[in-house]
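Asks: Take a look at this one; I'll ask things after.
Here, each number is a calculation from the coordinates, and none is a lab measurement. Since the model is a prediction, treat every value here as computed from it, not as a measurement. Reconstructed Cβ throughout: ideal geometry from the backbone, glycine too, with neighbour counts over all protein chains shown.
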Amino acid sequence: MIPYRDENETQRRAIVTGAIIGLNILSWLVLQGAGADLPLAKSVCNLGLIPGELTGLLPPGRGFPMGQDTVCLTDPGRQYSHLVTSMFLHGGWMHLIGNMWFLWIFGNNIEDSMGRLRFIGFYLITGLAAAMGQVIANPDSIVPMVGASGAISGVMGAYLVLYPRVKVYTLVPIFIFFTSIALPAWAMLGYWFVIQLVSGLYSANETGGVAFWAHIGGFIAGVALIKFFTRDEYVRAHRANRWRPQRLLRDW
């Protein structure tokens with residue numbers, strides 16, 4: 001299912017959400033060479049998060065093949081900074097576009113609910129929680145992790161808590177065609193989470209691909225932390241008017 005819009009108006013321009021999207025695009029173009037083989041491999045190796053490197057379970061100099069005649073070697077030290085840098089890198093055009101699309105659909109309302117500075121903190125914290133979820137699931141993995149999807153999963157978890165009944169318009173594949181249906185957020189996001197959980201439980205030894213446990217960890221963190229970041233006045237209005245969340249901040 002591919003969401004393409006919701007019925008949730010915002011009362012403020014989503015400046016931080018737009019800035020995060022811009023930063024991801026800039027990183028993709030400048031640091032990752034818009035997907036050119038060598039810049040992409042270097043950025044993922046040098047700035048991506050390698051779980052076994054962070055946990056210290058991999059010795060320095062351990063190699064991971066990243067393409068023809070290209071090998072990523074683990075560095076000495078735990079590279080804590082890669083917990084953050086990995087959140088602004090991607091593995092391909094579709095990876096970038098998909099993540100930024102989901103961030104724009106759901107992030108603008110979450111930024112609206114908590115304000116810009118709180119949203120920055122929330123985004124980074126849920127991104128860190130997502131990374132740790134994948135590290136805990138695969139502590140000795142040598143596969144570099146990159147992508148904003150863990151932090152965006154946190155945004156989606158927060159959206160589920162705040163706007164469970166808001167309609168999300170979604171494209172659903174039927175054979176070779178797509179049809180549009182309107183689903184309540186709880187159905188669309190609940191389905192997405194179940195897919196991540198099942199995929200995480202049944203994925204065998206990690207060899208690359210989707211970091212399902214990062215998605216799960218980020219989503220759970222978003223659900224758990226949203227009440228600590230949402231503005232008090234917004235929570236009061238939300239409780240009093242749960243069926244029309246798009247109108248909650250109109251007078252503020």
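Asks: Please name whichever of Leu201, Ala214, Ala187 sits farthest to the positive end of the charge dipole of the chain, dipole taken about the Cα centre and charges placed at Cβ: Lys and Arg +1, Asp and Glu -1.
Replies: Projecting each Cα onto the dipole axis, the largest value belongs to Ala187.
Asks: Computed FRET efficiency, Cβ-Cβ of Leu117 and Gln68, R0 35 Å: what is it to the nearest 0.05?
Replies: The value I calculate is 0.20.
Asks: With +1 on the Cβ of every Lys and Arg and -1 on the Cβ of every Asp and Glu, and nothing else charged, how large is the dipole of segment 2-241 about its Cα centre, in debye rounded to the nearest 20?
Replies: Roughly 660 debye for segment 2-241.
Asks: Moving on to the next point. Take each of the peptides 170-179, 27-36, 80-89, average the number of other beta-carbon atoms within 10 Å over its residues, and list them starting from the highest.
Replies: Per-residue mean Cβ counts within 10 Å order the peptides as 80-89, 27-36, 170-179.
Asks: Hey, another quick one. With the crude spin-label approximation of a point 7 Å out along Cα→Cβ, what separation in nm comes out for Ser203 versus Arg5?
Replies: 3.3
Asks: How large is the translational diffusion coefficient of segment 1-62 in µm² per second when you combine the Kirkwood radius over alpha carbon pairs with Stokes-Einstein at 4 °C and 1.567 mPa s?
Replies: Translational D for this selection: 86 µm²/s.
Asks: If you wrap a convex hull around the C-alpha atoms of segment 71-162 and split its volume per residue, what is the figure in Å³?
Replies: Convex hull of Cα atoms, per residue: 102 Å³.
Asks: Same structure again: Compute the whole-percent fraction of alpha carbon pairs in the chain spaced more than 34 Å apart.
Replies: 19
Asks: Sticking with this one: Among 11-20, 57-66, 217-226, what's the highest-first ranking by average C-beta atoms within 10 angstrom per residue?
Replies: Going by the mean number of other Cβ atoms within 10 Å, highest first, we get 217-226, 11-20, 57-66.
Asks: Based on alpha-carbon positions alone, could you give the equivalent ellipsoid semi-axes of segment 27-100 from the gyration tensor, as √(5λ), descending, whole Å?
Replies: Rounded to whole Å, the semi-axes are 22, 15, 9.
Asks: What is the gain in length, in nm to one decimal, between Leu29 and Arg78 on full extension, counting 0.36 nm per residue of separation less the C-alpha to C-alpha distance?
Replies: The Leu29-Arg78 span can extend by a further 14.9 nm.
Asks: Residues with amide H under 5 Å of Met145's amide H, sequence separation 5 or more or different chain, H placed in the peptide plane at 1.01 Å from N; which?
Replies: Leu49, Ile50
Asks: To the nearest 20 debye, what is the magnitude of the charge dipole of segment 1-139 about its Cα centre, counting +1 on the Cβ of each Lys and Arg and -1 on the Cβ of each Asp and Glu?
Replies: Computed about the Cα centre, the dipole is about 260 debye.
Asks: Convex hull over the Cα atoms of segment 129-191, averaged projected area in nm²?
Replies: Result: a mean projected hull area of 6.0 nm².
Asks: Projecting each Cα onto the charge dipole of the chain (Lys/Arg +1, Asp/Glu -1 at the beta carbon, about the Cα centre), which of Ser86, Ser149, Thr126 comes out farthest on the positive side?
Replies: Farthest towards the positive end: Thr126.
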